[in-house]
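One structure below.
Throughout, read-outs are computed from the coordinates displayed, never taken from laboratory work. Note that this is a predicted model, so its numbers are computed, not measured. We place every Cβ from the backbone using ideal geometry, glycine too, and count neighbours over all the protein chains shown.
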Amino acid sequence: MHVQEWLETVPAVSIYALVGVVIGLESLGIPLPGEIILVSSALLASQHGEIDPFVLGACASAGAIIGDSIGYAIGRRGGRPLLTWLGGKFPKHFSEGHIATAERSFEKWGMWAVFFGRFVALLRIFAGPLAGVLRMPYWKFAIANVFGGILWAGGTTAVIYYVGVVAEAWLKRFSWLGLVAAVLFGLGSFLILKRKAKKAQSRPSTAAEPEPVPATD
């Protein structure tokens, strides 16, 4: 069963709790599909009046902030052995390569890695625990965590909700045939422009090749 179809059978209160818990666990460091659950719930809210998008966004934000905070505390206490243990339990997500990539991001961006990490699937799982392992000052982590959590969770909810509302109203006006034609037209235009762009890029490279100099005695 599709995620959205399953969510349609769940009461609104349970959806709020589910979104908050799943996003909280994902932020804590457990690889769960938090973004998929949030997007599906926001889209469902645009089609059913029982789900309040403001409450949904608030629950998602709370789950993100609380989960990241717990992950920070666990990472600060567990240190490097925690990352090794997570690598054994979740090798796909906590491989040495992924950990090294996340560490480089933290070393380069500092607290901004926590903030913008919300919008990157890999860093969203790592942000809290890794900030604790690297002993980032808590006040820096807290500021980035709160603002990043609100912007990501609330922003995602708002965007998907309003896109769903507009899409539903649009589909009521036009037939499915018109929708298919519009999609095919857009795809065809994209492919044509992409082909022209490739041709434009190849022309300067051929023109820039130096002409052979005739040999002299």
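General observations
- With a cut-off of 15 Å between beta carbons, the residues surrounding residue 139 carry a summed charge of +2, where Lys and Arg count +1 and Asp and Glu -1.
- Packing-based order for 157-163, 47-53, using average beta carbon neighbours within 10 Å, highest first: 157-163, 47-53
- Cβ-Cβ distance of residue 52 and residue 119, R₀ of 35 Å, FRET efficiency by 1/(1 + (r/R0)^6): the value works out to about 0.90.
- Where labels lie 7 Å past Cα in the beta-carbon direction, separation of residue 147 and residue 108 in nm: 2.1 nm
- Rounded to the nearest 0.05, the FRET efficiency derived from the C-beta distance between residue 162 and residue 13 at R0 = 30 Å is 0.80.
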